[in-house]
1. Starting from the range 68-90, keep only residues that are farther than 22 Å from D17 by Cβ and in the same structural domain as C54 (by TED's automatic domain parsing), then list their pairs with residues that are surrounded by 15 or more Cβ atoms within 10 Å (Cβ to Cβ) and among the aromatic types (F, W, Y) whose Cβ atoms are within a distance under 8 Å, requiring at least 6 positions of separation or different chains.
2. Which condition from (1) more than 17 Å from the chain's Cα centre (by Cα); (2) more than 17 Å from L93 (Cβ to Cβ); (3) at pLDDT 95 or above is the one that W191 breaks?
3. Going through the range 70-112 one residue at a time, which ones are within 12 Å of F9 (Cβ to Cβ) and assigned to a helix (DSSP H, G or I)?
4. Condition first: surrounded by 19 or more Cβ atoms within 10 Å (Cβ to Cβ) and either without any contact (Cβ under 8 Å) to a residue 24 or more places away in the chain or over 16 Å from the mean Cα position of the chain (by Cα) (or both). Now tell me which residues in the range 127-146 satisfy that.
5. Within the range 194-203, restricting attention to residues that are under 20 Å from D3 (Cα atoms) and of a type outside the set (G, A, S), which residue is nearest to the chain's Cα centre (by Cα)?
6. Yes or no: the range 103-114 includes at least one residue that is more than 25 Å from S150 (Cβ to Cβ) and charged (D, E, K, R).
7. Out of all the residues in the range 9-43, which are touching a residue at least 60 places away in the same chain (Cβ under 8 Å), aliphatic (A, V, I, L, M) and part of a helix (DSSP H, G or I)?
8. Which ones in the range 1-43 are of a type in the set (V, I, T) and either farther than 28 Å from S195 by Cβ or within 19 Å of the chain's Cα centre (by Cα) (or both)?
Amino acid sequence: MNDVRVVAFDCDGVLFDTVEANRAYYNHILAHFGHPAMDEHQLRYVHIHTVQQCVAHLFADDADRQAAMAFRASIDYGKFLKYLTIEPHLKALLDWMRNRYKTAIATNRTDTMERLLREFGLVDQFDLVVTSRDVERPKPFPDPLFKILSRFGVEPRQAVFVGDSEVDEATARAAGVPFIAYRNPALEANWHIESLEEIKGFLQGSGTA
């Protein structure tokens, strides 16, 4: 992997453990409209899709969806940050990559991404952040990774994408970018890792498939 110049990361499940934050956030919206809390299938869905897709998935009626989106816009996301935890070894990895690689985020989050990075002191750690608002077609389409490749003027083989879901796998495949699967051995990937600190070894050429 000596030719790699750009390392791109998914957000949820890779940079942060967001399961409980997502649960609390969407259950808060559901409760406001008198709906029951999410089941595990719905929780998995909201982990990997855009907020528009998630609301559409949770609210079958079109009028309810519109009302839910309007209510969602009024929510202060800050109250849910206490449910988030940063992934182990992330800050050390980003510090090591600084001045060695370009770093980017490709996420299906929308207007919560900037707040999240600011709260955890990571705003200056990434050279580019691509949310679902920044592309015409969000993940699993390749557009977020294409935007990253274009920004840094690199070929797909000169980048890697670190993700944890089927959506991330499909995005990397569609873009032709080598994929590192994080803590999900069921995914088809070029490499599998259980800890972010393993990425350093891969980038230095010592990682194993």
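The values are calculated or read from the model by the stated rules, or taken from the named source; none is laboratory data. Quick caveat: nothing in here was measured; it's all calculated off a predicted structure. Using ideal geometry, Cβ is built from the backbone for each residue, glycine included, and neighbour counts are taken over all protein chains shown.
1. Partner pairs satisfying both residue conditions: A68/F59.
2. Going through the list (1) more than 17 Å from the chain's Cα centre (by Cα); (2) more than 17 Å from L93 (Cβ to Cβ); (3) at pLDDT 95 or above, W191 breaks only (2).
3. Listed by number, the residues that qualify are L90, L93, L94, M97.
4. Within the range 127-146, just D143 meets the criteria.
5. The extreme case among them is L196.
6. Within the range 103-114 (the criterion being more than 25 Å from S150 (Cβ to Cβ) and charged (D, E, K, R)), the answer is no, since none of the residues qualifies.
7. Within the range 9-43, A21 is the sole residue that qualifies.
8. Those that are of a type in the set (V, I, T) and either farther than 28 Å from S195 by Cβ or within 19 Å of the chain's Cα centre (by Cα) (or both): V6, V7, V14, T18, V19, I29.
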